[in-house]
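The values are calculated or read from the model by the stated rules, or taken from the named source; none is laboratory data. These numbers come from a predicted model, not from an experiment. Glycine also receives a Cβ, built like all others from the backbone with ideal geometry; neighbour counts cover every protein chain displayed. Note: areas computed on protein heavy atoms with side chains; ligands, DNA, RNA excluded. Shrake-Rupley method; radii C 1.70, N 1.55, O 1.52, S 1.80 Å.
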Amino acid sequence: MAGIPQLNYSCPGNLDIHADEGGPVYINGKQAALKKFSDSYYEAASGSVTVSLTSSPDGSTQLSYTGANGSNGICQPQQAGQGDALVGGVADPGGVSGFRFECPNDLTVTGHADSVQINGKAAQVKTFNENYMEARSGSNVISISRNADQSMAASYTGAGGANGVCSGG
């Protein structure tokens, strides 16, 4: 479909969304069924995951997803060459550091110069850009972002579709 831009996004829950300009859309490497609602809104579905694609008049694109058991979240654009970077054997949080969040399900998330911990244990970290990363420990994924005013925000997705907003910063 002509309205689909080139996409390379990652969503909480380890979802990768890709498309060449005009489509098709792939969710974790599988071609998704695409439904056009308007020139600026599409949905791509594969299995239990539905990705909503919205295009703004300024040409930017926003993606969000809904998955099994009500899991949902905002997707972030990937940058060329990004991925998990390791520094001294510990995942590099990509400049998003110095934070502490309390999340639902008794999760405490802390970030320091060279590591992120969830309940005191080192987390696997995937850095998307200098303002967004995800930390994973077991079935818990914590999405951590730096806002334009330099404040920090976090949300989590857990087992069975559990999700919520974390407090702190």
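Assorted remarks:
- Strands (runs of 3 or more DSSP E) enclosed by the stretch 103-169 - at least 3 residues per element that are under 23 Å from residue 65 (Cα atoms): 124-129, 132-137, 140-146, 152-157, 163-165
- Positions within the stretch 2-58 being closer than 19 Å to residue 132 by Cβ, at pLDDT below 90 and in a strand (DSSP E or B), in sequence order: 7, 8, 9, 10, 11, 15, 16, 17, 18, 54
- Condition broken by residue 116, with the remaining ones in (1) at pLDDT 85 or above; (2) closer than 18 Å to residue 146 by Cβ satisfied: (1)
- Verdict on residue 5 being open to solvent by less than 40 Å² (accessible area, probe 1.4 Å) and closer than 25 Å to residue 136 by Cβ: no
Each row is one residue, and each column tells you yes or no for (1) touching a Leu at 6+ places or on another chain (Cβ under 9 Å); (2) open to solvent by 30 Å² or more (accessible area, probe 1.4 Å); (3) charged (D, E, K, R); (4) under 27 Å from residue 138 (Cα atoms).
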position: 9; (1), (2), (3), (4): yes, no, no, yes
position: 13; (1), (2), (3), (4): no, yes, no, yes
position: 17; (1), (2), (3), (4): yes, no, no, yes
position: 22; (1), (2), (3), (4): no, no, no, no
position: 27; (1), (2), (3), (4): yes, no, no, yes
position: 35; (1), (2), (3), (4): no, yes, yes, no
position: 38; (1), (2), (3), (4): no, yes, no, no
position: 54; (1), (2), (3), (4): yes, yes, no, no
position: 58; (1), (2), (3), (4): no, yes, yes, no
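- Of the residues making up the stretch 139-169, those that are hydroxyl-bearing (Ser, Thr, Tyr) and within 15 Å of the chain's Cα centre (by Cα) are 139, 143, 145, 155, 156, 157.
- All positions within the stretch 127-140 that are out of contact with any Gly (no Cβ under 6 Å at 6 or more places or on another chain) and either surrounded by fewer than 22 Cβ atoms within 10 Å (Cβ to Cβ) or closer than 12 Å to residue 73 by Cβ (or both): 128, 129, 131, 132, 134, 136, 137, 138
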